[in-house]
Amino acid sequence: MREKYVEVLSKYIHKDAVDQIVSWVMNYGVHLKITSGRSTKLGDFRPNPDKDRGHKITINYNLNRHSFLITLVHEMAHLVTWNQYGNRVKPHGTEWKYHYREMLLPFLNTAVFPGDVSTALVRYLDNPAASSCTDVHLMRTLMKYDEDQGILLEDIPGQSVFRLETGRVFKKGEKRRKYYECQEISTGRQYLINPLAVVEPVRS
(Lines give C-alpha, C1' and ligand atoms only; values in the text may rest on other atoms or scores of the structure.)
Protein backbone atom coordinates (compact mmCIF):
# COMPACT_ATOMS: atom_id res chain seq x y z
CA MET A 1 0.00 0.00 0.00
CA ARG A 2 2.80 2.41 0.86
CA GLU A 3 4.44 1.82 -2.51
CA LYS A 4 1.16 2.67 -4.25
CA TYR A 5 0.81 5.94 -2.37
CA VAL A 6 4.42 6.83 -3.17
CA GLU A 7 3.86 6.07 -6.85
CA VAL A 8 0.72 8.19 -7.09
CA LEU A 9 1.81 11.16 -4.98
CA SER A 10 5.15 11.40 -6.75
CA LYS A 11 3.20 12.59 -9.79
CA TYR A 12 1.72 15.52 -7.89
CA ILE A 13 4.24 16.79 -5.31
CA HIS A 14 7.99 17.24 -4.96
CA LYS A 15 9.83 13.96 -4.37
CA ASP A 16 11.32 15.23 -1.09
CA ALA A 17 7.84 15.70 0.37
CA VAL A 18 6.42 12.32 -0.62
CA ASP A 19 7.64 10.22 2.34
CA GLN A 20 6.24 12.59 4.96
CA ILE A 21 2.87 12.89 3.24
CA VAL A 22 2.58 9.12 2.76
CA SER A 23 3.41 8.59 6.44
CA TRP A 24 0.61 10.95 7.47
CA VAL A 25 -1.88 9.34 5.10
CA MET A 26 -1.11 5.86 6.41
CA ASN A 27 -0.76 6.74 10.09
CA TYR A 28 -4.06 8.62 10.14
CA GLY A 29 -5.85 6.12 7.90
CA VAL A 30 -6.85 8.81 5.42
CA HIS A 31 -9.05 8.05 2.43
CA LEU A 32 -7.21 10.31 -0.03
CA LYS A 33 -8.87 11.00 -3.35
CA ILE A 34 -7.46 13.08 -6.19
CA THR A 35 -10.49 14.50 -7.92
CA SER A 36 -11.41 16.53 -10.98
CA GLY A 37 -10.84 20.28 -10.92
CA ARG A 38 -13.46 22.21 -8.95
CA SER A 39 -13.93 25.94 -9.34
CA THR A 40 -15.29 26.42 -5.82
CA LYS A 41 -12.55 24.65 -3.84
CA LEU A 42 -9.00 23.32 -4.16
CA GLY A 43 -9.37 20.59 -1.55
CA ASP A 44 -11.77 19.29 1.05
CA PHE A 45 -11.74 17.47 4.40
CA ARG A 46 -14.67 15.30 5.46
CA PRO A 47 -14.40 13.82 8.96
CA ASN A 48 -15.62 10.40 9.98
CA PRO A 49 -17.52 11.32 13.17
CA ASP A 50 -17.41 7.78 14.56
CA LYS A 51 -13.64 7.38 14.95
CA ASP A 52 -10.20 8.95 14.58
CA ARG A 53 -9.51 7.04 11.37
CA GLY A 54 -11.30 6.87 8.05
CA HIS A 55 -11.47 10.60 7.35
CA LYS A 56 -11.69 11.63 3.69
CA ILE A 57 -9.52 14.22 1.95
CA THR A 58 -9.97 15.25 -1.68
CA ILE A 59 -7.54 17.39 -3.69
CA ASN A 60 -7.98 18.79 -7.20
CA TYR A 61 -5.80 16.98 -9.71
CA ASN A 62 -5.04 20.09 -11.80
CA LEU A 63 -3.06 22.06 -9.20
CA ASN A 64 0.62 22.68 -9.78
CA ARG A 65 2.81 20.66 -7.43
CA HIS A 66 3.39 23.55 -5.01
CA SER A 67 -0.33 24.38 -4.74
CA PHE A 68 -1.15 20.68 -4.45
CA LEU A 69 1.17 20.19 -1.47
CA ILE A 70 0.05 23.37 0.28
CA THR A 71 -3.59 22.37 -0.16
CA LEU A 72 -2.95 18.81 1.02
CA VAL A 73 -1.19 19.99 4.19
CA HIS A 74 -4.07 22.45 4.72
CA GLU A 75 -6.55 19.56 4.71
CA MET A 76 -4.28 17.32 6.82
CA ALA A 77 -4.19 20.08 9.43
CA HIS A 78 -8.00 19.94 9.51
CA LEU A 79 -7.75 16.22 10.18
CA VAL A 80 -5.27 16.61 13.04
CA THR A 81 -7.37 19.41 14.54
CA TRP A 82 -10.52 17.30 14.26
CA ASN A 83 -8.88 14.32 15.95
CA GLN A 84 -7.87 16.53 18.85
CA TYR A 85 -10.93 18.75 19.23
CA GLY A 86 -13.75 17.30 17.13
CA ASN A 87 -16.22 20.03 16.17
CA ARG A 88 -15.63 22.02 19.35
CA VAL A 89 -13.43 24.61 17.62
CA LYS A 90 -13.77 26.82 14.54
CA PRO A 91 -12.67 25.17 11.25
CA HIS A 92 -9.97 27.81 10.66
CA GLY A 93 -9.50 28.97 14.21
CA THR A 94 -6.40 29.20 16.38
CA GLU A 95 -6.08 25.43 16.74
CA TRP A 96 -6.11 24.76 13.01
CA LYS A 97 -3.66 27.61 12.35
CA TYR A 98 -1.26 26.11 14.88
CA HIS A 99 -1.33 22.65 13.29
CA TYR A 100 -1.10 24.06 9.77
CA ARG A 101 2.03 26.04 10.63
CA GLU A 102 3.62 23.10 12.44
CA MET A 103 2.95 20.71 9.56
CA LEU A 104 3.98 23.04 6.73
CA LEU A 105 7.06 24.73 8.19
CA PRO A 106 9.36 21.66 7.92
CA PHE A 107 8.89 21.67 4.14
CA LEU A 108 10.25 25.22 4.00
CA ASN A 109 13.65 24.04 5.25
CA THR A 110 14.16 21.70 2.29
CA ALA A 111 14.30 21.94 -1.50
CA VAL A 112 10.56 21.22 -1.74
CA PHE A 113 9.56 24.82 -2.57
CA PRO A 114 11.46 27.34 -4.70
CA GLY A 115 12.65 30.48 -2.96
CA ASP A 116 9.83 32.78 -4.02
CA VAL A 117 7.16 30.31 -2.87
CA SER A 118 8.94 29.74 0.47
CA THR A 119 9.13 33.49 1.05
CA ALA A 120 5.45 33.96 0.24
CA LEU A 121 4.52 31.04 2.51
CA VAL A 122 6.49 32.42 5.47
CA ARG A 123 4.56 35.66 5.11
CA TYR A 124 1.24 33.83 4.71
CA LEU A 125 1.82 31.56 7.72
CA ASP A 126 2.03 34.59 10.00
CA ASN A 127 -1.77 34.43 9.95
CA PRO A 128 -3.03 31.72 7.55
CA ALA A 129 -6.52 32.17 6.16
CA ALA A 130 -9.25 29.69 5.27
CA SER A 131 -7.85 29.50 1.74
CA SER A 132 -4.48 30.33 0.24
CA CYS A 133 -6.47 31.98 -2.58
CA THR A 134 -7.36 34.86 -0.25
CA ASP A 135 -3.69 35.84 0.01
CA VAL A 136 -3.09 37.69 -3.25
CA HIS A 137 0.71 37.68 -2.89
CA LEU A 138 0.88 33.93 -2.28
CA MET A 139 -1.67 33.17 -5.00
CA ARG A 140 0.21 35.34 -7.53
CA THR A 141 3.46 33.53 -6.67
CA LEU A 142 1.91 30.08 -7.01
CA MET A 143 0.21 30.94 -10.29
CA LYS A 144 3.60 31.52 -11.91
CA TYR A 145 4.03 27.74 -11.80
CA ASP A 146 0.70 26.95 -13.50
CA GLU A 147 1.00 25.53 -17.00
CA ASP A 148 -1.98 27.53 -18.24
CA GLN A 149 -2.67 30.66 -16.23
CA GLY A 150 -5.55 31.90 -18.36
CA ILE A 151 -6.95 35.45 -18.45
CA LEU A 152 -7.09 37.16 -15.07
CA LEU A 153 -9.64 39.71 -13.88
CA GLU A 154 -6.89 42.28 -13.32
CA ASP A 155 -5.84 41.95 -16.99
CA ILE A 156 -9.13 43.03 -18.56
CA PRO A 157 -10.27 46.68 -18.91
CA GLY A 158 -12.69 48.31 -16.49
CA GLN A 159 -16.38 47.88 -17.29
CA SER A 160 -15.63 44.66 -19.20
CA VAL A 161 -18.21 41.90 -18.94
CA PHE A 162 -16.76 38.53 -17.97
CA ARG A 163 -17.75 35.03 -16.99
CA LEU A 164 -16.27 33.14 -14.04
CA GLU A 165 -15.59 29.40 -14.08
CA THR A 166 -18.84 28.95 -12.16
CA GLY A 167 -20.75 30.36 -15.14
CA ARG A 168 -21.84 33.57 -13.41
CA VAL A 169 -21.45 36.76 -15.47
CA PHE A 170 -20.25 40.11 -14.07
CA LYS A 171 -19.20 43.60 -15.10
CA LYS A 172 -15.82 44.71 -13.77
CA GLY A 173 -15.92 47.77 -11.55
CA GLU A 174 -13.46 49.73 -9.40
CA LYS A 175 -10.80 48.18 -7.22
CA ARG A 176 -11.56 48.36 -3.50
CA ARG A 177 -8.31 47.78 -1.63
CA LYS A 178 -7.40 44.22 -2.69
CA TYR A 179 -10.46 43.16 -4.69
CA TYR A 180 -12.54 44.47 -7.57
CA GLU A 181 -16.15 45.44 -6.97
CA CYS A 182 -18.11 43.74 -9.75
CA GLN A 183 -21.79 43.76 -10.61
CA GLU A 184 -23.49 40.46 -11.36
CA ILE A 185 -25.41 40.90 -14.60
CA SER A 186 -28.37 38.67 -13.72
CA THR A 187 -29.09 40.14 -10.27
CA GLY A 188 -27.48 43.60 -10.25
CA ARG A 189 -25.78 42.76 -6.96
CA GLN A 190 -22.25 43.89 -6.16
CA TYR A 191 -19.52 41.40 -5.25
CA LEU A 192 -15.85 41.72 -4.36
CA ILE A 193 -13.80 39.44 -6.64
CA ASN A 194 -10.13 38.49 -6.40
CA PRO A 195 -8.01 40.25 -9.05
CA LEU A 196 -6.39 36.89 -9.84
CA ALA A 197 -9.67 35.17 -10.63
CA VAL A 198 -9.54 33.42 -14.01
CA VAL A 199 -12.17 34.93 -16.30
CA GLU A 200 -13.61 34.56 -19.77
CA PRO A 201 -14.36 37.93 -21.43
CA VAL A 202 -17.91 38.13 -22.80
CA ARG A 203 -18.34 40.02 -26.04
CA SER A 204 -21.38 42.28 -26.25
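Working only within segment 103-129, note down all residues that are over 14 Å from the mean Cα position of the chain (by Cα), under 16 Å from GLU75 (Cα atoms) and touching a residue at least 24 places away in the same chain (Cβ under 8 Å).
MET103, PHE107
Being within 19 Å of the chain's Cα centre (by Cα) and assigned to a loop (DSSP other than H, G, I, E, B) is the filter; apply it to segment 180-202 and report the residue that is farthest from HIS137 (Cα to Cα).
VAL199
Taking HIS66, is it assigned by TED's automatic domain parsing to the domain that holds THR110, at pLDDT 95 or above and touching a Pro at 6+ places or on another chain (Cβ under 9 Å)?
Answer is yes for this residue.
Mind checking which residues of segment 82-131 are loosely packed, with under 14 Cβ neighbours inside 10 Å, of a type in the set (A, V, I, L, M, F, W, C) and closer than 20 Å to GLY43 by Cα?
Passing the criteria: LEU105, ALA129, ALA130.
Check whether at least one residue in segment 44-55 is assigned by TED's automatic domain parsing to the domain that holds THR134, surrounded by 22 or more Cβ atoms within 10 Å (Cβ to Cβ) and under 21 Å from MET139 (Cα atoms), and report yes or no.
No; the residues of segment 44-55 include none that is assigned by TED's automatic domain parsing to the domain that holds THR134, surrounded by 22 or more Cβ atoms within 10 Å (Cβ to Cβ) and under 21 Å from MET139 (Cα atoms).
Matching residues to (1) acidic (Asp, Glu); (2) in contact with a His (Cβ under 6 Å, 6 or more places away or on another chain):
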position	(1), (2)
THR58	no, no
GLU75	yes, no
TYR85	no, no
GLU95	yes, no
HIS99	no, no
VAL112	no, yes
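Taking segment 7-21 as the search range and keeping residues that are among the β-branched types (Val, Ile, Thr) and part of a helix (DSSP H, G or I), which one is surrounded by the fewest Cβ atoms within 10 Å (Cβ to Cβ)? Step through it out loud before you land on a result.
Taking segment 7-21 first, the residues among the β-branched types (Val, Ile, Thr) are 8, 13, 18, 21.
The next check asks that each one be part of a helix (DSSP H, G or I); those that pass are 8, 18, 21.
Working: VAL8: 13, VAL18: 20, ILE21: 23.
Among those that are among the β-branched types (Val, Ile, Thr) and part of a helix (DSSP H, G or I), it is VAL8.
Identify, by number, the condition in (1) free of Cβ contacts under 8 Å to residues at least 40 places away in the same chain; (2) surrounded by 13 or more Cβ atoms within 10 Å (Cβ to Cβ) that LEU69 doesn't meet.
(1) is the only condition that LEU69 fails.
What are the residues in segment 22-43 that are of a type outside the set (Val, Ile, Thr) and not in a strand (DSSP E or B), if any?
SER23, TRP24, MET26, ASN27, TYR28, GLY29, SER36, GLY37, ARG38, SER39, LYS41, LEU42
Which of the residues that make up segment 29-65 are within 14 Å of the chain's Cα centre (by Cα) and within 20 Å of HIS99 (Cβ to Cβ)?
Across segment 29-65, the qualifying residues are LYS41, LEU42, GLY43, ASP44, PHE45, ILE57, THR58, ILE59.
Filter segment 130-179 down to residues that are under 24 Å from VAL202 (Cα atoms), in a loop (DSSP other than H, G, I, E, B) and either among the aromatic types (Phe, Trp, Tyr) or touching a residue at least 40 places away in the same chain (Cβ under 8 Å) (or both), then give me how many there are.
11
The values are calculated or read from the model by the stated rules, or taken from the named source; none is laboratory data. Here the structure is a predicted model, which means the values were calculated and not measured. Heads up, the Cβs are rebuilt from the backbone with ideal geometry, glycines too, and the neighbour counts pull from every protein chain shown.
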